[in-house]
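**Student:** Right, I'll just put the structure down here and ask away after.
The values are calculated or read from the model by the stated rules, or taken from the named source; none is laboratory data. Since we're looking at a predicted model, the values are computed, not measured. Cβ sites come from the backbone with ideal geometry, for glycine too, and all protein chains shown count toward neighbours. These accessible areas exclude ligands, DNA and RNA; they are computed on the full protein's heavy atoms, side chains included. Shrake-Rupley method; radii C 1.70, N 1.55, O 1.52, S 1.80 Å.
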Amino acid sequence: MINLILFGKPGAGKGTQAEFIKNTYNLIHISTGDLFRNNIKNKSQLGVLAKSYMDKGDLVPDQVTIDMLKNEVSINRNVNGFIFDGFPRTISQAQALDFFLESIKMEITATISLEAEDSILEKRLIKRGHLSGRTDDQDIDKIRNRFKEYNIKTAPLKQYYSSIDKLHIVNGIGEIHEIRDSLSKLMNQIR
Ligand code: AMP
């Protein structure tokens, strides 16, 4: 089983590259952002709650996010593994994930951090916002707040995973196929 965490600031290319890894290694792709957006579309109670945070570019509270993630893993039995995209985003989410995976005799194989400068990410997000209609991608203040959330709450996870030798950094600047090639090389080492 391969269980990967794809880690990186908004716009780093997590979703795009997760698609490639998922197809190549036949993994289940779980994006907490996509799950929240589906809940918002279906106007579920969870969606209403998540929207109030996402609209400001804030993180959704840990417990809600953790419960949603656990549920999604639990409904996918007998699979080759998972790509967690956009989860964990806080130390307490990471601890909850470790605890949960251990309870079902699974563990994280590796964490891949896709990295790029803020100025590049801002341009990518604004472009994505125009194409997708995502409101949190169209407003520079919301984008910057998401970077701030990342720096304060998510960046400490790099230390968390590097201290257990599970952090791999990949340059997220360049053409999609160039980044995909770097990921392929890394995947060959990890597996
Ligand atoms: P994303 O699609 O990964 O950029 O996520 C979009 C938004 O969903 C984020 O700005 C957060 O508001 C929310 N979100 C996604 N994943 C998480 C998470 N693991 N913890 C808290 N909030 C999250």
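**Student:** Of the numbered conditions (1) open to solvent by less than 90 Å² (accessible area, probe 1.4 Å); (2) assigned to a helix (DSSP H, G or I), Arg144 satisfies every one except a single condition; which is it?
**Tutor:** (1)
**Student:** Would you please list the contacts, defined by Cβ atoms under 8 Å and residues six or more apart or on different chains, that run from a residue in segment 54-65 that is part of a loop (DSSP other than H, G, I, E, B) and near the ligand (Cβ under 8 Å from one of its atoms) to a residue that is of a type in the set (A, V, I, L, M, F, W, C) and open to solvent by 40 Å² or more (accessible area, probe 1.4 Å)?
**Tutor:** Pairs found: Val60/Leu49.
**Student:** Something else now. Cβ-Cβ distance below 6 Å, separation of 6 or more or different chains: which pairs start in segment 84-104 with a residue that is closer than 13 Å to Glu149 by Cβ and open to solvent by 30 Å² or more (accessible area, probe 1.4 Å) and end on one that is within 14 Å of the ligand (Cβ to nearest atom) and part of a helix (DSSP H, G or I)?
**Tutor:** Sorted first by the residue in segment 84-104, then by its partner, the pairs are Arg89/Thr154.
**Student:** On to the next question. Find the residue count for segment 35-53, including only residues that are open to solvent by less than 70 Å² (accessible area, probe 1.4 Å) and more than 9 Å from the ligand (Cβ to nearest atom).
**Tutor:** 7
**Student:** Quick one: would you say Ser119 is modelled with pLDDT of 95 or more, exposed (fewer than 12 other Cβ atoms within 10 Å of the Cβ) and either more than 25 Å from Asp62 (Cα to Cα) or of a type in the set (Phe, Trp, Tyr) (or both)?
**Tutor:** yes
**Student:** Considering only residues of segment 66-78 that are polar (S, T, N, Q) and out of contact with any strand residue (DSSP E or B) (no Cβ under 8 Å at 6 or more places or on another chain), which is nearest to the ligand (Cβ to nearest atom)?
**Tutor:** My answer is Asn71.
**Student:** Scan segment 16-25 and give yes if some residue there is surrounded by 14 or more Cβ atoms within 10 Å (Cβ to Cβ) and near the ligand (Cβ under 8 Å from one of its atoms), otherwise no.
**Tutor:** no
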